[in-house]
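Note sheet for the following structure.
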Amino acid sequence: MKILTIDDQELILLSVEKRLKELGYTVMTANSGQKGIDLFDSFRPDLVLVDINMPDMSGLEVVKHIRSNDEIKIPILVMSGNTEENIIMDGFTLGIDDYMKKPVSLDEMAARIKRLIGAPDVAKNIDSETDTQMLQKNCVGVVIPCYNEEERLSSTEFKDFAHKNLGYHLCFVNDGSTDKTLEVLEELRKGNESNISVFNCEKNGGKAEAVRQGMLHLHKDSQFDYIGFLDADLSTDFRDFDDLVQTLEKSDFKIVSGSRMSRMGADITKESARKIISMTINLIIRSILRMPFNDTQCGAKIMTRDIVPMLFEKAFITKWIFDVEIFMRMRKHYGKDKVIQLICEQPLKRWIHADGSKLSMKDSVKIVGQLAKIAISYR
């Protein structure tokens with residue numbers, strides 16, 4: 001049995017292709033509507049699985065092409081993050097057989113395909129541990145800066161997340177580490193090449209430059225709807241980061257930034273001395289920004305891909321507090337009143353200070369001087 005899968009996002013195509021081949025289907029993939037039509041005419045599949053929102057040609061145009069030939073009766077299954085009722089109805093009017101809304105599990109996708117065309121003659125068993133693998137509504141690129149993280153990198157957590165959340169791509173940026181961080185990252189990537197990549201900076205440039213290089217690297221890949229960054233120590237829980245992504249998906253915000261502000265029901269843990277320094281620095285930052293943001297320095301942020309060049313093409317002034325510069329660049333570009341509407345500061349449910357921070361107490365004192373430099377530069 002042959003299946004043609006059409007989607008402009010490689011993360012989705014690779015995950016779907018892998019699962020369907022594991023089940024015993026013969027699979028061809030196309031990353032655009034036109035390529036899908038060309039393949040359809042030569043491949044003659046038993047089922048077409050197509051996305052709706054593609055840049056060159058809508059999935060509905062692909063459906064229209066297939067259904068224009070009355071002699072072709074093959075099933076068409078739409079799998080899309082587009083949940084607009086009029087689009088769904090247009091699909092059924094054109095002759096689709098089923099419509100799946102993302103996020104959706106690979107199990108559900110396989111079950112719907114089997115209902116339409118049955119299982120291959122030689123069906124294969126799939127390991128039950130893959131049952132929770134999900135295809136997200138949007139593809140998300142996440143930069144994770146790493147400097148001498150050999151002892152702190154939680155490979156299991158990263159692998160599990162990448163394995164279960166197929167719309168995510170984790171890009172680890174090795175910032176000129178002098179220990180075995182690069183070896184650990186390469187080992188972590190094995191078996192997860194489609195969802196995990198390693199960007200190696202030979203010289204240490206500081207967290208700001210590592211994040212900047214990673215963001216620009218991911219922006220070159222057009223499949224990512226959103227791009228963000230997360231600390232390697234996972235002080236911000238993956239569940240909370242996914243909450244930030246969902247907020248961005250459901251809003252008109254350009255940036256959703258985590259906030260470690262203590263509140264009822266949240267598990268926010270900091271060292272007492274660090275907490276006092278953090279409060280002092282935040283007070284200075286708020287006076288510089290003159291905008292109502294409480295925790296610019298949280299290492300978990302997600303943003304729409306269109307603003308990445310504006311924020312990251314130019315090198316940052318400081319190595320550590322580049323987050324403040326991101327907010328300042330947003331204000332300079334959009335204006336103070338508008339930017340308040342474009343940035344959401346979302347409280348985290350969990351945040352734990354991890355041992356081994358690269359930022360010393362001495363560095364914390366230097367930050368005051370760096371903030372003064374930012375205030376003058378972005379005046």
TODO: Mind checking which lysines have their Cα closer than 23 Å to the Cα of LYS338? Skip sequence neighbours fewer than 8 apart in that chain.
DONE: LYS250, LYS254, LYS301, LYS314
- [ ] Using just the helices of the chain, give the 222 nm mean residue ellipticity in deg cm²/dmol: DSSP H runs with n ≥ 4 each add -39,500 (n - 2.57), and the total is spread over all residues, rounded to 500.
- [x] -13000 deg cm²/dmol
TODO: May I ask for log10 I(q)/I(0) of segment 65-164 at q = 0.15, 0.18, 0.22, 0.24 Å⁻¹, from a Debye sum over the Cα atoms as equal point scatterers with solvent left out?
DONE: -0.83, -1.01, -1.23, -1.31
TODO: Working from Cα positions, state the angle (0 to 90°, nearest 10) between the long axis of helix 238-249 and the longest principal axis of the chain.
DONE: 70
Task: Local net charge near ILE117, Cβ-Cβ under 14 Å (Lys/Arg +1, Asp/Glu -1) - done: +2
Task: Vicinal HN-Hα couplings computed from phi for segment 107-116 (Karplus, 6.51 cos²θ - 1.76 cosθ + 1.60; Hz; Gly/Pro x) - done: 4, 5, 4, 5, 5, 5, 5, 4, 5, 7
Task: Scattering curve values for segment 1-75, log₁₀ I(q)/I(0), Debye with Cα scatterers, q = 0.23, 0.25, 0.26 Å⁻¹ - done: -1.03, -1.18, -1.25
Task: Qualifying trypsin sites (Lys or Arg not before Pro) for segment 168-218 [loop in DSSP, other Cβ within 10 Å: at most 16] - done: LYS180, LYS190, LYS203
Task: Calculated FRET efficiency for the pair GLU150/LYS101, C-beta based, R₀ 45 Å, to 0.05 - done: 0.60
Task: Top positive-direction residue, dipole computed over the chain with Cβ charges, set THR318, HIS219, LEU13 - done: THR318
Task: Contour minus Cα-Cα distance for LEU283 and GLU183 (0.36 nm per residue) - done: 32.0 nm
Task: Unit Cα scatterers, Debye sum, segment 164-231: log10 I(q)/I(0) for q = 0.14, 0.18, 0.22 Å⁻¹ - done: -0.42, -0.70, -1.01
TODO: Can you tell me the relative contact order of the chain? Whole percent, Cα pairs under 8 Å, sequence separation 6 or more.
DONE: 13
Open item on the list: What Kirkwood Rh does segment 2-130 have if only Cα atoms enter the pairwise 1/r average? Answer in Å.
Closed with: 14.7
Open item on the list: As I understand it, the dipole of segment 62-117 uses +1 on the Cβ of Lys and Arg and -1 on the Cβ of Asp and Glu, about the Cα centre. Which of PRO103, HIS65, THR83 lies farthest toward its positive end?
Closed with: PRO103
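Of all alpha-carbon pairs in the chain, indicate the percentage at a distance above 28 angstrom.
In whole percent, the share of Cα-Cα pairs in the chain beyond 28 Å is 50.
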Task: Check: the chain dipole with +1 on Lys, Arg Cβ and -1 on Asp, Glu Cβ, in debye - done: 1740
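Which GluC sites (Glu not before Pro) does segment 57-163 hold that lie in a coil by DSSP with at most 14 other beta carbons within 10 Å? Could the numbers behind the result be given before it?
Details: sites: GLU61, GLU71, GLU84, GLU85, GLU108, GLU129, GLU149, GLU150, GLU151, GLU157; in loops: GLU71, GLU84, GLU149, GLU150, GLU151.
Here the sparse-neighbourhood loop sites are GLU71, GLU84, GLU151.
Just so you know, all these numbers are worked out from the coordinates, no wet-lab data involved. Note that this is a predicted model, so its numbers are computed, not measured. Using ideal geometry, Cβ is built from the backbone for each residue, glycine included, and neighbour counts are taken over all protein chains shown.
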